[in-house]
Amino acid sequence: MTQDAAIALTSAAAGNGPLALEATGLSKDFKLGHGAILHAVRDVHISLYKSAVVALVGESGSGKSTVARMLAGQERPTAGTIALDGEPVDVRTGRAFRRYKSQVQYVFQDPFGSLNPVHSVGYHLARPVKLHQGRDVDVKKRVIELLEQVRLTPAAQFEPKYPHELSGGQRQRVSFARALAAEPNVLLADEPVSMLDVSIRLEMLNLLDDLRKRLHLALLYITHDIASARYFADEVLVMYGGQIVERGPAEEVTQQPAHPYTQLLIASAPDPDNLGSVLRSGNSAPRARGTGSGPAATGCPFSNRCPLADDKCRAENPALHQLTAVRAAACWRLSEAAPALANGTA
C-alpha cells in the first residue's frame, strides 16, 4: 500500500484541469556493490493535472531528479506504476518510448550541457518537430513559431545561432522550445532556473507560467528553492531521504509548515514577504541538531537531524498523516511540530 492509498487526500492542483500523469508507489533502488542497496526513492505518489503546477521541493540528494527521470521514462522504477491519461505506461520498446515522449517532455537543469554545441538553434528545434509531428508539417514555419513562443525574437535572427552565442537565459528558452516541439501534455522541469542569473530567474518562471496556462500543460517543477515554489506552484510536495514528508497547497505549506524539515527549509529561505512569518508568531522553527548529514538508515529519514526526534522516530518510519482534506505530513511528533494543524485548530 502506498502512503497516499491509506488517506483520502485531495490534490490542491486537481481543480485546474483533468489528470494527465499519475505515479503510484514509485520506488527506485540502486545496487552499490557488496550487497549494499541505495533506496533513492521510496513509495512516492505524484498526480499532475493539466494547467496546474506541482512543485517537488528538497535539498540535493533527496531523490527529486530520480523521480523526474522515472517519470520521463529514462529510469525504470523498481516498484510502482505510472499512468498517462489513465493508461499504464510501458516504454520497453522504442516505439512505445517515442509515443510516450511525444506527451511527456523533460527540461534539464543545465541548458548548455543539454544542447549540442556543433548544431544551430534551428537544428535543435527542427529535429524534434520532424520526429514527433510527421512529414506534413512545415518545419521552418514551426521552428519560427516555437522561437516566438518562448520570446526569442526576432526569431529569424536566433534560428542560425549556436549555443555558445547565446546567454544562459536564451539557451534555456531554446530548451523550453525544444520540449514544446513535441507538443506535449506534460512538462517535467528539473531545476530549470537554478543555473541562471538571479536577475532573470523570475522572468523565466513567468515564461513557464505563461506557457503552462496557454498550452494547458501539466507541469512538474523540481527545485530546492521553496520560496519560488510558493510563488509558482499550486501544490508543493516536500521530499527528504527519497520520500515525501509533506504535501499540500503551496501557500499553506509555505506559510504554516507541519513537518520539521519543511520548517527548516522555510526558516532558511530568503523572502521579502517574510516567508514563514507564522513560525515566529507561534510555531518556532526548530534548529537541526547536526547529528547527521544525511537521511537516517532506519526510522524516519530526518530523525538524525530533527530536534524533536525520539526513540520511536529513530525506530519507525512514519507514513503520511492526513491533516486536512488537502494536506498531509509524515511525522510522529506533529503535535509538537505543528500543534494547531495536528489538533485541527489551524
> So how many residues does segment 124-142 have that are in contact with a helix residue (DSSP H, G or I) (Cβ under 9 Å, 6 or more places away or on another chain) and more than 18 Å from VAL107 (Cβ to Cβ)?
Replying inline: 7
> Taking segment 114-125 as the region of interest, how many residues are outside any loop (DSSP other than H, G, I, E, B) and of a type outside the set (Phe, Trp, Tyr)?
Replying inline: 4
> Condition test on LEU71, is it surrounded by fewer than 20 Cβ atoms within 10 Å (Cβ to Cβ) and of a type in the set (A, V, I, L, M)?
Replying inline: no
> Of the conditions (1) under 19 Å from LEU21 (Cβ atoms); (2) outside the structural domain of LEU71 (by TED's automatic domain parsing); (3) touching a Lys or Arg at 6+ places or on another chain (Cβ under 8 Å), ALA179 fails just one. Which one is it?
Replying inline: (3)
>> If I ask for residues that are out of contact with any Leu (no Cβ under 9 Å at 6 or more places or on another chain) and in contact (Cβ under 8 Å) with a residue 40 or more places away in the chain, which ones from segment 29-41 would you list?
In response: HIS39, ALA40
> So is ALA325 crowded, with 20+ Cβ neighbours inside 10 Å, of a type outside the set (S, T, N, Q) and on the phi < 0 side of the Ramachandran plot or not?
Replying inline: no
> Which residues, counting only those in segment 161-200, are free of Cβ contacts under 8 Å to residues at least 60 places away in the same chain, surrounded by fewer than 18 Cβ atoms within 10 Å (Cβ to Cβ) and out of contact with any helix residue (DSSP H, G or I) (no Cβ under 6 Å at 6 or more places or on another chain)?
Replying inline: TYR162, HIS164, GLU165, SER167, GLY168, ASP197, VAL198, SER199
> Which condition does LYS213 not pass, out of (1) under 30 Å from ARG99 (Cβ atoms); (2) touching a residue at least 12 places away in the same chain (Cβ under 8 Å); (3) in contact with a helix residue (DSSP H, G or I) (Cβ under 9 Å, 6 or more places away or on another chain); (4) not aliphatic (A, V, I, L, M), if it passes all the others?
Replying inline: (3)
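The values are calculated or read from the model by the stated rules, or taken from the named source; none is laboratory data. Not measured: the values here are computed from a predicted model. All Cβ positions, glycine included, derive from the backbone under ideal geometry; neighbour counts span all protein chains shown.
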